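Take a look at the structure set out below.
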Amino acid sequence: MHSNPLVSIITPSYNQARYLEQTMLSVLEQDYARIEYWVIDGGSDDGSQEIIQSYADRLAGWVSEKDNGQADGVNKGLAKATGEIIGWLNSDDLYYPGAIRAAVEAFKQHPEASFVFSDVESIDENGQPFHLMRYGDWKLPDLMTSHIIGQPGVFMRREVLEQAGYLDLSYNYLLDVQLWIRMAAIAEPFYVPGAVWAAARMHSGAKNMAQAGAFGPEAFRLAKWVCEDQRFYPLSTKLFNKIWAGAYRLNAFYLVEAGKYKAALHSYSKMARLAPSFLPGASKRMAYAALSALGVQNLRQTYAGWRLKQYDKAQKKRGSHD
């Protein structure tokens, strides 16, 4: 890898004018000089094109045309990108200052990595943080068992991406997860502990909220693919129960988001039978689903308040160690 490698950033967008400029500025105001930035718009009619046009002289390029969904838009950008390192930032998410420079440094220290990643902060529609999504030193077995990495916190090595292939257009929700698994089968990823490079915006129009109930079927499809694809054999045989337990856990998580609490508990019970070791990590979410299924009033607001307090405590703790 070169001493100052070119970094390509791709932002796919469709009718996200409310957030698009903030997203673009979070890339354009990075302190790393060698960035090429591509914005791939799917033919928006909400003023997005005018926003992109106003920054056109600072972009490597942009298009606005009808596409076949998010994966198609990202793939268009990947085909145009020429950098050694590639990031993909959706049009409602943000990079934090210094993110790209930090990702480059991580690659310099671990040039063999397929991708590097950090923790990701959840922010609301107004940009206020309310939760820190913490990951771990996850490798291929973890990804095969549905340990989910926040996509805006990932930076990919182009060489491995080209070997793995681009996004599978048949996935609408777990398209990034499927790509990470394919890349990790070629070379292991590297996690940067304690780093927070990006924010994922949670709002009513985001897929993980507006279409939460649709994630489960893709989780089961992903599990089936992992178990059948020869690239993951014999590891998939060894991890068979955990692969399916991870799919049930992910299905349950999104069923809770969709307010389908009894169905979520049923999915959690299948998870527990397949992999009892997953129970501790899911216990709080399971308790929330159980109480919600019983009709406890105002639980969602109480749970949200508890999460915010936990986040504040974690931030204070982090600050005391800086």
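The values are calculated or read from the model by the stated rules, or taken from the named source; none is laboratory data. Quick caveat: nothing in here was measured; it's all calculated off a predicted structure. Glycine gets a Cβ as well: all are built from the backbone with ideal geometry, and neighbour counts include every protein chain shown.
A few notes on this one:
- Residue in the stretch 26-43 that is in a strand (DSSP E or B), touching a helix residue (DSSP H, G or I) at 6+ places or on another chain (Cβ under 8 Å), assigned by TED's automatic domain parsing to the domain that holds Phe107 and over 22 Å from Tyr96 (Cα atoms) present: yes
- The stretch 7-43, residues that are among the hydrophobic types (A, V, I, L, M, F, W, C) and crowded, with 16+ Cβ neighbours inside 10 Å: Val7, Ile9, Ile10, Ala17, Leu20, Met24, Val27, Ile35, Trp38, Val39, Ile40
- Qualifying residue in the stretch 57-65 (condition: surrounded by 21 or more Cβ atoms within 10 Å (Cβ to Cβ) and assigned by TED's automatic domain parsing to the domain that holds Val116): no
- Search result, residues across the stretch 156-175 that are under 16 Å from Ile9 (Cα atoms) and touching a Phe, Trp or Tyr at 6+ places or on another chain (Cβ under 6 Å): Met156
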